[in-house]
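The values are calculated or read from the model by the stated rules, or taken from the named source; none is laboratory data. Small disclaimer: the values here were computed from a predicted structure and weren't measured. Virtual Cβ from ideal backbone geometry, glycine too; neighbours counted across all protein chains shown.
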Amino acid sequence: MTWTGLDHTTIRAGYSEGYVMPTLLEQFTDSRAGRGITLHGNPDLSPERSQNYELGLRYQNRGVVFDGTLFYTKSKQYITFESCANGHSCTGGDIYVNADKAKSYGLELLAEYWVEDTPYTPYLITTLMRRQITVDDFSTYKTDVPAISGQFGVRYERSFAGTDLWADAFVQASSKTDKKERDIQKSGKESRHLSGWSTLNFAVGGNFGDEGQHRLALHLNNLNNRHYRASVDETPATGRNFVLTFNTSL
């Protein structure tokens with residue numbers, strides 16, 4: 001549902017329901033990829049159900065774009081994982097389980113400003129979020145979700161000799177995260193903590209061809225060579241690196 005009664009402004013509201021079946025990986029596959037411990041599949045997983053609410057506003061005028069969305073999601077049988085020591089049939093490592101319920105809420109923001117008569121657009125994209133998971137009598141907000149994350153930078157766009165060129169210099173960052181395990185004494189784990197992090201990045205590319213069907217881009221990532229993990233259960237991120245991509249449409 002949208003309302004456009006104000007100049008250059010759109011207000012929107014939405015409601016949806018989600019139904020997510022567990023994947024074959026979550027049900028039947030044991031893996032060690034990335035996390036260093038075995039993550040067991042669980043054939044008894046139930047589908048995850050959710051109710052989603054959104055309220056948003058978008059303003060666009062004279063080079064200014066602002067878009068904000070408040071969101072709230074509540075889920076039943078939320079698919080997550082926990083230690084095998086918490087009364088499960090597996091031995092060692094973690095296992096996929098259904099949490100009794102989970103709720104997530106927050107704010108997504110996008111703001112940008114095209115500097116008139118120039119090819120430059122400073123921008124900010126960020127998400128503020130909290131998530132609570134409840135399993136039996138255990139409930140926590142320490143769910144490996146950063147309170148704030150996103151990126152800010154300057155984008156460059158210009159056409160030259162029939163080619164649409166672009167460049168993007170930006171900082172990607174996240175606040176600290178914590179993860180609290182259910183029944184720490186049984187699992188042998190402790191509440192785990194990761195510090196916040198930020199990386200400096202640069203990308204450049206262009207579209208060329210009669211219809212701009214060819215796309216070439218070079219991404220220079222983590223130029224400050226920051227050692228970090230994006231979440232508790234992920235492997236350490238790659239240090240300074242580059243990625244070259246080419247796409248074409250036939």
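Of note:
- Condition check for PRO236 on (1) more than 30 Å from TYR96 (Cβ to Cβ); (2) not in a strand (DSSP E or B); (3) not charged (D, E, K, R): one failure, at (1).
Conditions (1) closer than 30 Å to HIS88 by Cβ; (2) modelled with pLDDT of 95 or more, marked per residue:
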{"residue": "TRP3", "(1), (2)": "no, yes"}
{"residue": "GLU17", "(1), (2)": "yes, yes"}
{"residue": "GLN27", "(1), (2)": "yes, no"}
{"residue": "ASP44", "(1), (2)": "yes, no"}
{"residue": "TYR59", "(1), (2)": "no, yes"}
{"residue": "LEU70", "(1), (2)": "no, yes"}
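- Selected residue (criterion: farthest from the chain's Cα centre (by Cα)) from residues of the stretch 117-136 that are under 30 Å from ASN86 (Cα atoms) and among the polar types (S, T, N, Q): THR134
- Selection count where residues are free of Cβ contacts under 8 Å to residues at least 24 places away in the same chain and either among the small types (Gly, Ala, Ser) or surrounded by 10 or more Cβ atoms within 10 Å (Cβ to Cβ) (or both), scope the stretch 1-23: 6
- Within the stretch 84-97, residues that are within 12 Å of ARG182 (Cα to Cα) and in a loop (DSSP other than H, G, I, E, B) reach no partner that is hydrophobic (A, V, I, L, M, F, W, C) and modelled with pLDDT under 85 with beta carbons closer than 6 Å at six or more positions or on different chains.
- Within the stretch 24-54, being surrounded by 15 or more Cβ atoms within 10 Å (Cβ to Cβ), touching a Leu at 6+ places or on another chain (Cβ under 8 Å) and not in a helix (DSSP H, G or I) holds for GLY41, GLU54.
- Taken together, the criteria place GLU112 among residues that are over 18 Å from the mean Cα position of the chain (by Cα) and in contact (Cβ under 8 Å) with a residue 40 or more places away in the chain.
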